[in-house]
Amino acid sequence: MTGLRAALPESAMRDTIFLQGLEARGIVGIEAWERKKPQTIRVTLEMACDADAAATADDIEKALNYKTIAKRILQHIEESSYFLIETLAVRLAEIVQRDFGVTWLRLRVSKPGAVRFSENVGIEIVRGERPSAPR
């Protein structure tokens with residue numbers, strides 16, 4: 001587990017790492033046609049982190065490794081199957097918090113083109129408490 005944050009005080013995690021527009025193909029939906037063929041699933045994720053610790057050491061082991069997190073998200077989407085996008089979002093948030101020690105996140109999961117005459121449809125969830133800057 002690269003980039004665990006458990007050893008740091010929460011006050012140190014006032015910075016944000018983000019992944020924007022990560023795309024995978026997965027099965028999410030209640031309609032028969034949605035269950036047959038994988039659709040594009042788009043994920044945007046913001047995570048609390050301590051950029052100072054990583055920057056001071058210039059060491060990936062002290063950073064929240066967004067590449068590893070992205071690979072894990074892609075793997076889960078491609079290997080799972082859900083009826084609801086809400087379920088997928090909650091499961092992805094659980095994975096990021098459990099496997100990578102993220103204390104706060106904002107996650108947006110969407111299905112571009114899933115609703116006729118709509119550019120995109122999805123859900124945004126927030127988990128954990130956003131640490132405040134030390135006083």
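Just a few scattered comments:
- Rounded to 10°, Cα long-axis angle of helix 85-100 versus longest principal axis of the chain: 30
- The mean sequence distance of close C-alpha pairs (under 8 Å, at least 6 residues apart), as a share of the length of the chain, puts its relative contact order at 32 percent.
- Cα-based helix-to-principal-axis angle, 66-79 vs the chain, degrees rounded to 10: 30
- The alpha-carbon of LYS62 sits under 20 angstrom from the alpha-carbons of these aspartates and glutamates, leaving out residues fewer than 8 places away in its chain: GLU10, ASP15, GLU46, ASP50, ASP52, ASP99.
- Simple spin-label estimate for ASP52 and SER80 gives 3.4 nm between the two label positions (7 Å along the Cα-to-Cβ direction from each Cα).
- Of the options (i) 11, 46, 34, 8, 1; (ii) 12, 42, 28, 14, 4, 0; (iii) 11, 30, 22, 16, 11, 7, 3, 1, 0, only one is P(r) over Cα pairs in 10 Å bins from 0, in percent as computed from these coordinates, and that is (ii).
- Neighbourhood net charge (15 Å Cβ-Cβ; Lys/Arg +1, Asp/Glu -1) for LEU74: +2
- Sorting the segments 104-111, 33-40 by their mean number of nearby beta carbons within 10 angstrom, highest to lowest, gives 104-111, 33-40.
- Inter-label distance, VAL115 to THR40: 1.8 nm, where each label sits 7 Å from its Cα along the C-beta direction.
- Cross-link partners of LYS36 among lysines, defined as those whose alpha carbon lies under 21 angstrom from its own and excluding same-chain residues fewer than eight positions apart: LYS111.
Here, each number is a calculation from the coordinates, and none is a lab measurement. Predicted model only: the values in this text are computed from it and were never measured. Cβ sites come from the backbone with ideal geometry, for glycine too, and all protein chains shown count toward neighbours.
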